[in-house]
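Here is the structure we will look at, set down as structure tokens.
The values are calculated or read from the model by the stated rules, or taken from the named source; none is laboratory data. Worth saying up front: this structure is predicted, and the values here are computed from it rather than measured. FYI the Cβ positions are ideal-geometry reconstructions off the backbone, even for glycines, and counts take in every protein chain you see.
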């Protein structure tokens with residue numbers, strides 16, 4: 001299993017673009033310098049009135065499929 005840690009900082013206006021269907025994925029940069037494109041729906045449970053803010057750890061298989069997303073802070 002592969003793991004990566006990244007931060008997300010999306011304000012409420014940016015999150016609204018995803019709900020309206022104007023965007024479907026979120027581009028993040030991991031702490032080790034990789035760039036990842038994540039489907040917005042995996043972040044839905046972390047949406048607040050102010051947006052999505054925090055540091056997350058993603059676990060994924062060798063095939064690139066999501067295993068787990070965990071909020072660290």
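Does residue 59 fit the bill of being part of a strand (DSSP E or B), surrounded by 13 or more Cβ atoms within 10 Å (Cβ to Cβ) and more than 10 Å from the chain's Cα centre (by Cα)?
Values: part of a strand (DSSP E or B): yes; surrounded by 13 or more Cβ atoms within 10 Å (Cβ to Cβ): yes; more than 10 Å from the chain's Cα centre (by Cα): yes.
Taking the combined requirement at face value, the residue satisfies it.
Summed over segment 62-73, the residues that are assigned to a strand (DSSP E or B) and at pLDDT 95 or above give a count of 5.
If you scan segment 27-40, which residues turn out to be under 16 Å from residue 70 (Cβ atoms) and touching a helix residue (DSSP H, G or I) at 6+ places or on another chain (Cβ under 9 Å)? The answer is none; no residue qualifies. The residue that is nearest to residue 64 (Cα to Cα), among those in segment 8-23 that are surrounded by 12 or more Cβ atoms within 10 Å (Cβ to Cβ) and under 11 Å from the mean Cα position of the chain (by Cα), is 8.
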